[in-house]
Amino acid sequence: MNKPVMPASSLSLKLPSADGSLMTYRLAASRSFPARLEGTLNRVAFSAAHVVANPLADVDPWLTAAVDWDRTIAFREHVWDLGLGVAEAMDTAQRGMGLDWPTSLELIQRSVRAAKARGNALVFSGAGTDHLAVEDARSLDDVIRAYEHQVAAIEKAGGRIILMASRALARIACSPDDYVQVYGRVLSQVAEPVIIHWLGDMFDPALSGYWGSADLGRAMDTAVAIINAHAGKIDGVKISLLDKQREIDMRRRVADGVKMYTGDDFNYAELIAGDDKGYSHALLGIFDAIAPAASYALTRLAASDAQGFHDVLGPTVPLSRHIFRAPTRFYKTGVVFMAYLNGHQDHFTMVGGQESARSTLHLAELFRLADQAGLLANPELATRRMKTVLALRGVES
């Protein structure tokens, strides 16, 4: 099972190429991954999970988020069955990019209740300042109050906190000292240790210059100083810069007991495997799309089968790099497309209409890479659905 090289299958379809021609693509034989965790894990691994839109709701998708709550929670149960945690209401769920704070809070409340019903399955939830319009933030106290509001709401629901980066803070902060003040005030009040999220501007351009400097080295100095000064209040830090060396440098600088959660969707396999000086845990959007393979690979790592870990997770990296290619913020389209191909939802409709954010060529290459990595759970279903999407985009296969 799970051989790195797979024979071809009898399934085929015509996929568009960059020159405008249609080329016949023959699928590989699929791999088979367990639907539930089999074994143990020696890394903490979160999937930043997407939301499933309700395509039949009578709303204007660009303006109003309509969520299919049953399918959205069912997807989280799929993630929990695989032994992974859920990072709730994060950017993968289109937080601040289609999903507003009231809807995010309802998502968090529903997810926390579902986790508790499953014996306290692992879920941390994003607390930010997105209910505060960036242009309405006049002072650091405004930002602090906004963080306090969301932290209190999530803790009232019984949830754990991921402290998200703030667009409002990025806009009004004048120096690293402003970040020290805001994070110090918020961290002094949290009930349980939180995960700090450093989200790079490739994911959200409004976060350029976060931690008070456009120079990433200086920004890291500030972030590390804040984290180490409040280490007792911090479970870990998620770094999403798509720069493996900066992540390695940071995980060697944070205080003992503070976990590094990789958010590097380009280099996660080697960062999770680690080196003789340490390793990263995981909090990844791509783990939404590849959850069964990620779970199985992590059990191989825990069983000291490093080769098995890399044989399974390594082939998923080209797919992830494709899904997260620039403009990186549109990666959600690829994640949801994978959920559609693999039968977790019956449609390719997204909050905010973002199913249109990637080209037909992009989706065709995604299909090829997902197949080559053995990530199409039901190749027959995936092929039918790929043909349906192509037909809607004018490609008769």
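The values are calculated or read from the model by the stated rules, or taken from the named source; none is laboratory data. These numbers were taken from a predicted model, which means no experiment stands behind them. We place every Cβ from the backbone using ideal geometry, glycine too, and count neighbours over all the protein chains shown. Please note that ligands, DNA and RNA were not included when accessible areas were found on the heavy atoms of the full protein model with its side chains. Shrake-Rupley method; radii C 1.70, N 1.55, O 1.52, S 1.80 Å.
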* What list of ³J(HN,Hα) values in whole Hz, one per residue of region 311-319 in order, does the Karplus curve 6.51 cos²θ - 1.76 cosθ + 1.60 (θ = phi - 60°) give from phi, with Gly and Pro shown as x? -> 4, 8, 7, x, x, 7, 5, x, 4
* Structure fact -> Phi angles of region 39-53, converted by Karplus (6.51 cos²θ - 1.76 cosθ + 1.60, θ = phi - 60°) into ³J(HN,Hα) in whole Hz with x for Gly and Pro, give x, 10, 10, 10, 10, 7, 10, 10, 9, 6, 8, 7, 9, 9, 6
* Asked: If you put +1 on each Lys and Arg Cβ and -1 on each Asp and Glu Cβ, how big is the dipole of region 305-397 around its Cα centre, in Debye rounded to 20?
  -> 380 debye
* Asked: Once you treat every alpha carbon in region 242-388 as an equal point and sum by Debye, what is log10 I(q)/I(0) at q = 0.11, 0.13, 0.15 Å⁻¹?
  -> -0.44, -0.61, -0.78
* Structure fact -> Excluding residues fewer than 8 positions from Lys156 in its own chain, the lysines with Cα under 20 Å of it are Lys116, Lys233
* Asked: In whole percent, what relative contact order does the chain give with Cα contacts below 8 Å and a gap of six or more residues?
  -> 20 percent
* Within a Gaussian network of the chain (alpha carbon springs, distance under 10 Å), most fluctuating of Pro34, Pro318, Pro55 -> Pro34
* Taking Cα pairs under 8 Å and at least six residues apart, what relative contact order does region 1-119 come out at, in percent? -> 22 percent
* For the chain, set up a Gaussian network in which alpha carbons nearer than 10 Å are linked by springs, and say which option among Ala294, Ala28, Ala326 fluctuates the most. => Ala326
* Rounded to a whole number, what % of the accessible area of the chain do carbon and sulfur atoms account for, probe 1.4 Å? -> 49 percent
* Hey, can you grab everything whose amide H is under 5 Å from the amide H of Met350? Only 5+ residues off in sequence or another chain; H modelled, so Pro and N-termini drop out. => Glu355
* Under 16 Å from Lys387, Cα to Cα: lysines that are on another chain or at least 8 residues apart -> Lys14
* To do: Would you mind checking the tilt of helix 291-302 against the longest principal axis of the Cα atoms of the chain, expressed as 0 to 90 degrees and rounded to 10?
  => 70 degrees
* Estimated vicinal HN-Hα couplings, Hz - region 10-27 in sequence order (Karplus 6.51, -1.76, 1.60; Gly, Pro = x) -> 8, 7, 8, 7, 9, 10, x, 10, 4, 7, x, 7, 9, 10, 6, 10, 9, 6
* To do: Alpha carbons only, please: Rg and Dmax for the chain, in angstrom.
  => 20.6, 63
* **Within region 241-328, trypsin sites (Lys or Arg not before Pro) in DSSP loop having at most 12 other beta-carbon neighbours inside 10 Å** => Arg252, Lys277
* When we measure straight from the Cα of Lys277, which lysines land under 21 angstrom away, once same-chain ones fewer than 8 places off are left out? -> Lys238, Lys244, Lys259
* Using Cα-only point scatterers and the Debye equation, what is log10 of I(q)/I(0) for region 1-80 at each q in 0.16, 0.21, 0.27 Å⁻¹, rounded to two decimals? -> -1.00, -0.96, -1.19
* How much FRET efficiency would the formula 1/(1 + (r/R0)^6) give for Cys174 and Ala152, where r is the Cβ-Cβ distance and R0 is 35 Å, rounded to 0.05? -> 0.80
* **Top positive-direction residue, dipole computed over the chain with Cβ charges, set Ala153, Val317, Ala93** => Val317
* Unit Cα scatterers, Debye sum, region 62-171: log10 I(q)/I(0) for q = 0.19 Å⁻¹ -> -0.94
* To do: Report, to the nearest 10°, how far helix 176-187 tilts away from the longest principal axis of the Cα atoms in the chain, using its own Cα long axis and a range of 0 to 90°.
  => 90 degrees
* Which far-off residues, 5 or more places away or on another chain, put their amide H under 5 Å from the one on Thr262, with H placed in the peptide plane? -> His281, Ala282, Leu283
* Structure fact -> Ordered by number, the trypsin sites (Lys or Arg not before Pro) in region 103-150 that occupy a DSSP loop and have at most 11 other Cβ atoms within 10 Å are Arg138
* Asked: Leaving out ligands, DNA and RNA but keeping every protein chain, what accessible area does Ile195 have, in Å² rounded to the nearest 10, with a 1.4 Å probe?
  -> 0 Å²
* To do: Based on alpha-carbon positions alone, could you give the equivalent ellipsoid semi-axes of region 205-315 from the gyration tensor, as √(5λ), descending, whole Å?
  => 27, 16, 12
* Asked: Mind checking the dipole of the chain: about its Cα centre, +1 per Lys or Arg Cβ, -1 per Asp or Glu Cβ, Debye to the nearest 20?
  -> 760 debye
* Structure fact -> Simple SL model, points at 7 angstrom along Cα→Cβ for Asp276 and Ala29; separation in nm is 4.0 nm
* Considering amide H positions built from the backbone, and no H for Pro or chain starts, which residues 5 or more places from Ile234, or on another chain, come under 5 Å of its amide H? -> Val194
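Antiparallel DSSP bridges in the chain: what percent, to the nearest 5? Can you show the working numbers first?
On the way: 8 of 36 bridges.
In the chain, approximately 20 percent of DSSP beta bridges are antiparallel ones.
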* Mind giving me the FRET efficiency for Glu192 and Ala74? R0 is 30 Å, r the Cβ-Cβ distance, nearest 0.05 is fine. => 0.65
* Asked: Pairing the Cα long axis of helix 379-392 with the longest principal axis of the chain, what angle in degrees results, from 0 to 90 and rounded to the nearest 10?
  -> 80 degrees
* Asked: Can you give the relative contact order of region 214-350 as a percent, counting alpha carbon pairs under 8 Å and 6+ residues apart?
  -> 17 percent
* **Structure-based [θ]222 nm, the chain - -39500 (n - 2.57) summed over DSSP H runs of at least 4, per residue, nearest 500** => -12500 deg cm²/dmol
